[in-house]
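Below is one structure, written out as structure tokens, with a few remarks after it.
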Amino acid sequence: MKAGSCSFHNGLMPHGAAANMTPGTRRAMTCGYMPDGSTFNGKQSALPQAYFESLEIGDVLDDDSINPLIWHKTKPYVGA
């Protein structure tokens with residue numbers, strides 16, 4: 001990809017990047033999306049340790065500081 005480009009894909013799709021052969025750093029950002037009302041399945045995945053340890057299987061993942069709601073089917077986003 002050219003500098004400044006971005007890629008959108010399913011996180012389960014195999015993907016990767018070649019080595020950075022430039023003297024500069026390569027920055028990246030990852031966003032994981034899930035449906036509103038998703039529940040904890042017992043796996044840590046990308047959850048911060050303290051949040052992970054506070055959850056029980058079946059808890060709704062609704063901590064806006066960690067999993068902010070960005071879109072709701074019937075409620076408009078008001079912002080923080």
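All of the numbers you see were taken from the coordinates with simple rules; none came from a lab. It should be emphasised that the depicted structure is a prediction, and the values quoted were computed from it without experimental measurement. Every residue, glycine among them, receives a Cβ derived from its backbone with ideal geometry; neighbour counts consider all protein chains shown.
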Those lysines that a straight Cα-Cα span of less than 30 Å connects to Lys43, excepting residues fewer than 8 apart in one chain:
Lys73, Lys75
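Compute and list, largest first, the equivalent-ellipsoid semi-axes of the chain from the alpha carbon gyration tensor, each √(5λ) rounded to a whole angstrom.
Working: eigenvalues 179, 65, 33 Å².
That gives 30, 18, 13 Å for the three semi-axes.
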Amide H neighbours of Thr39 under 5 Å, at least 5 residues apart or on other chains, H built in the peptide plane: list them.
Leu61
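If R0 is 22 Å, what FRET efficiency do you get for Glu56 and Met34 from their C-beta distance, rounded to 0.05? Show your work: numbers first, answer last.
Details: r = 18 Å, r/R0 = 0.81.
Step by step, r from the Cβ atoms, then E = 0.80.
Ala3 to Arg26: extension gain in nm, 0.36 nm per residue of separation minus the Cα-Cα distance? Please list the in-between numbers first.
Values: separation 23, 0.36 × 23 = 8.28 nm, distance 0.93 nm.
Result for the pair: 7.4 nm of gain on full extension.
In percent, how large is the relative contact order of the stretch 1-71, given Cα pairs closer than 8 Å and 6 or more residues apart? Don't jump to the answer; show the numbers that get you there.
On the way: 28 pairs, mean separation 17.6, N = 71.
Worked out over the stretch 1-71, it gives 25 percent.
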Per the Debye formula with a single identical scatterer at each Cα and no solvent contribution, what log10 I(q)/I(0) holds for the stretch 26-66 at q = 0.33 Å⁻¹?
-1.43
Please turn the phi angles of the stretch 48-60 into ³J(HN,Hα) values with the Karplus equation 6.51 cos²θ - 1.76 cosθ + 1.60 (θ = phi - 60°), one per residue in order, whole Hz, x for glycine and proline.
x, 3, 4, 5, 4, 5, 8, 9, 10, 4, x, 4, 6
Expected output is a single nm value to one decimal: the length gained when fully extending between Asn41 and Asp63, i.e. 0.36 nm times separation in residues minus the C-alpha distance. What is it?
6.4 nm
Using θ = phi - 60° and Karplus 6.51 cos²θ - 1.76 cosθ + 1.60, couplings along the stretch 11-26 (whole Hz; Gly, Pro as x):
x, 8, 6, x, 7, x, 10, 6, 4, 7, 9, 9, x, x, 8, 10
